[in-house]
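The values are calculated or read from the model by the stated rules, or taken from the named source; none is laboratory data. What you see is a predicted model; the values in this text were computed from it and never measured. Because the Cβ atoms are built from the backbone with ideal geometry, glycine has one as well, and the counts that use them run over all protein chains shown. Protein only, heavy atoms only, side chains kept; ligands, DNA and RNA dropped before computing areas. Shrake-Rupley method; radii C 1.70, N 1.55, O 1.52, S 1.80 Å.
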Amino acid sequence: MSADLVIVANRLPVDRVTGPDGQVGWRRSPGGLVSAIEPVMRAGSGVWIGWPGGASDEAPALSTEPFEVDGMRLAPVGLTRAEITEFYEGFSNGTLWPIYHDLVAKPEFHREWWDSYVAVNNRFAERAAELAAEGATVWVHDYQLQLVPQLLRALRPDLRIGFYLHIPFPPPELFQQLPWRRQLLEGLLGADLVGFQLPGGAANFVRLVRQRVGHKTHRDLVYLPDGRTVRAEPFPISIDAAGFEALATDAGVVARSLEIRRALGEPRRIFLGIDRLDYTKGIYARLRAFAELVEEGHIDVEDAVFVQVAVPSREQVEQYRLLRDDIDRLVGRINGDLGRIGRPAISYLHASYPREEMAALYRAADVMVVTPYRDGMNLVAKEYVACRVGEDGALVLSEFAGAADELRQAWLVNPYDINGMKAALLEAYNADGKELGRRMRAMRRTIRQHDVKAWADSFLSVLGEVSNPHDKSVRPARRS
Ligand code: GDG
């Protein structure tokens, strides 16, 4: 098999399902990335390389042969239990994640985690080298795989390689702490195009390359000694706006959103937060801000409720377990102090839901509260806007989410400033229909014009224009 477009991402876009007969099957997990890239993958011969979940040492049923789900070709890369601990939970989520998110939590540095990161990146690069056709385009995704571009180029100099970082790229002052900073930068420099969410991330990267690796740079270009150039550019990611709009007008979803309002006791206003349970998302501070508004009498629990959905995430990582305990305790205390019978101040759900339920929640909510301390983009904010087909509803959005660059008409807040957040929540709560409509219409225009299809097309078209000498004379190196 050889593919002319290869997507390389930590996860495959499928979930493993076990049928009633115990047979293992796959179900496509709907995500923006898949829907954006699918048409491109179908148009040519595409393949998606990624980890299917589970540990390969305990699931011998998992073959590494490519397979098809809904017409998409998928090539699984297995991880062992030790690699899940060291590469995934360790280096990716215990070292890189906090450093790339402004040190919201303390990163841990362990040399064996790094060794595992190198080993897994090698495995992904080798798989891509095997499956890519001569001169193919390979698009590598995210912080778990930053060494893949360089490793892959060494194996297959004929390929066109793009890399996209979904999370922020940190300023040099923070990145510098990484004992493996140079290796990571050189890993990324294996790509022809390195994409970031925001211009700031691209600028941080170019500055670091100049300072730490010593290459010449000019604006968004890095000049390598071997004559190649690497572009570093922002490509703010988006959502399948039309898809969400369609979902939000589906009769079943509309009915469900009314049912949610009824189940909550028909409050005048519903506040909503939906986040992976992650310390970067600012869940704790936002609930405190809301609780203080209730305590001070600005909001009455007969009139309003805060629905917080916290989607379980990285539960094996210590910091995530501690966060869950902290939030459990806070919600218990707030409801104990401020709730009345049948009227909790906070309706807290620690679960994940189907897309239809998410859309029903977005439809039901009057004030969407998205207050991360740092976030590459934040798709939840954009999904809320897409689902507000009635051009109403308020968005309270952190200045430190990438989405704030585009959604200027949201109530923008500094999530570290509790009083500022309280003021914005209250303003959004009291805003009249005219004000809400003015803001929401403008945001909906932005989301429609720049959807995930436009994002993927623009990345691939800039990558297609890169004029590096892709050495066709070099035979693809294949492993024996
Ligand atoms: C990373 C970056 C960047 C959530 N819960 C459920 C569910 N979701 C879906 C949402 C949304 C996605 O997951 C979450 O995306 P976010 O952007 O909000 O946040 P991260 O997971 O941290 O994503 C982020 C993103 O990558 C893309 O580049 O924006 O900055 O951190 O689409 O709808 N979907 C379903 N059930 C759930 O319970 N079906």
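Output the number of the condition that residue 74 fails; it satisfies all remaining conditions of (1) in contact with an Asp or Glu (Cβ under 9 Å, 6 or more places away or on another chain); (2) at pLDDT 95 or above. Answer for residue 74: the failing condition is (2). Just name the residue that is modelled with the highest pLDDT out of those in region 448-480 that are β-branched (Val, Ile, Thr) and closer than 20 Å to residue 164 by Cβ. It comes out as 462. Taking region 361-395 as the range and being open to solvent by less than 10 Å² (accessible area, probe 1.4 Å), under 19 Å from residue 256 (Cα atoms) and within 12 Å of the ligand (Cβ to nearest atom) as the test, the residues that pass are 362, 368, 384, 386, 387.
Mind checking which residues of region 297-326 are within 16 Å of the ligand (Cβ to nearest atom) and either over 24 Å from the mean Cα position of the chain (by Cα) or part of a helix (DSSP H, G or I) (or both)?
Answer for region 297-326, where residues must be within 16 Å of the ligand (Cβ to nearest atom) and either over 24 Å from the mean Cα position of the chain (by Cα) or part of a helix (DSSP H, G or I) (or both): 319, 320, 323, 324.
When you go through 295, 318 one by one, which is the residue that is free of Cβ contacts under 8 Å to residues at least 24 places away in the same chain and open to solvent by 60 Å² or more (accessible area, probe 1.4 Å)? Exactly one of 295, 318 is free of Cβ contacts under 8 Å to residues at least 24 places away in the same chain and open to solvent by 60 Å² or more (accessible area, probe 1.4 Å), namely 318. From the list 85, 137, the one residue that fits, being out of contact with any strand residue (DSSP E or B) (no Cβ under 8 Å at 6 or more places or on another chain) and hydroxyl-bearing (Ser, Thr, Tyr), is 85. Test of understanding: among 287, 349, 330, 338, which residue is away from the ligand (no atom under 16 Å from the Cβ), free of Cβ contacts under 8 Å to residues at least 60 places away in the same chain and either open to solvent by 30 Å² or more (accessible area, probe 1.4 Å) or over 23 Å from residue 421 (Cα atoms) (or both)? Sole residue among the options that is away from the ligand (no atom under 16 Å from the Cβ), free of Cβ contacts under 8 Å to residues at least 60 places away in the same chain and either open to solvent by 30 Å² or more (accessible area, probe 1.4 Å) or over 23 Å from residue 421 (Cα atoms) (or both): 338.
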